[in-house]
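The values are calculated or read from the model by the stated rules, or taken from the named source; none is laboratory data. What you see is a predicted model; the values in this text were computed from it and never measured. Cβ: placed from backbone, ideal geometry, glycine included. Neighbour counts: every protein chain shown. Calculation scope for accessible area: heavy atoms of the full protein, side chains included, ligands and nucleic acids excluded. Shrake-Rupley method; radii C 1.70, N 1.55, O 1.52, S 1.80 Å.
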Amino acid sequence: VYTETGTQRRVENVEDYLQLLQGWKQAIPDARGTVHKAVSQGNTVVLELTWVGTQTGPMQTPNGILPASGKEIRVPAAAWFTFDGEMVQEVHHYLDVLTLLQQLGALSG
């Protein structure tokens with residue numbers, strides 16, 4: 001199960017999760033994440049990170065498709081992973097969508 005706070009996207013199987021990731025890769029093909037902190041306890045791992053890249057493809061947003069802008073993003077995020085053994089069972093991705101949309105020129109601010 002994958003949930004994305006900010007976009008309200010939720011998928012419940014591997015195929016849909018891979019499709020969601022492919023959409024991000026199409027929109028920001030040079031995306032890279034820098035992990036600033038990692039914490040684990042029990043079967044949970046939490047990452048604090050920053051996503052950086054350039055939007056050179058169309059991006060699905062909560063309000064529809066945003067055409068390629070050619071603009072760079074630098075977006076803070078956190079991701080919580082819950083494991084069952086070595087398998088990830090849940091991912092909760094807290095993505096600062098407001099900052100993302102402002103940087104892409106989709107919102108003023």
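For this structure, a couple of remarks:
- Once the Cα atoms are used to define both axes, helix 14-27 deviates from the longest principal axis of the chain by about 30 degrees.
- Sparse packing (at most 15 other Cβ atoms within 10 Å of the Cβ) combined with a DSSP loop state is found for the following trypsin sites (Lys or Arg not before Pro) in region 36-105: 71.
- Taking only protein heavy atoms and a 1.4 Å probe, the accessible area of the chain is 54% carbon and sulfur.
- Per residue accessible area in Å² of the chain, where ligands, DNA and RNA are left out and the probe is 1.4 Å: 63 Å²
- Taken one residue at a time, the phi angles of region 71-76 give Karplus couplings (6.51, -1.76, 1.60, θ = phi - 60°) of 8, 7, 10, 8, 10, x Hz. Gly and Pro are set to x.
- Charged neighbours of residue 11, selected by a Cβ distance under 13 Å, balance to -3 (K, R count +1; D, E count -1).
- As a rough guide to protection, the peptides 77-86, 94-103, 44-53 ranked by mean Cβ packing within 10 Å, highest first, stand as 94-103, 44-53, 77-86.
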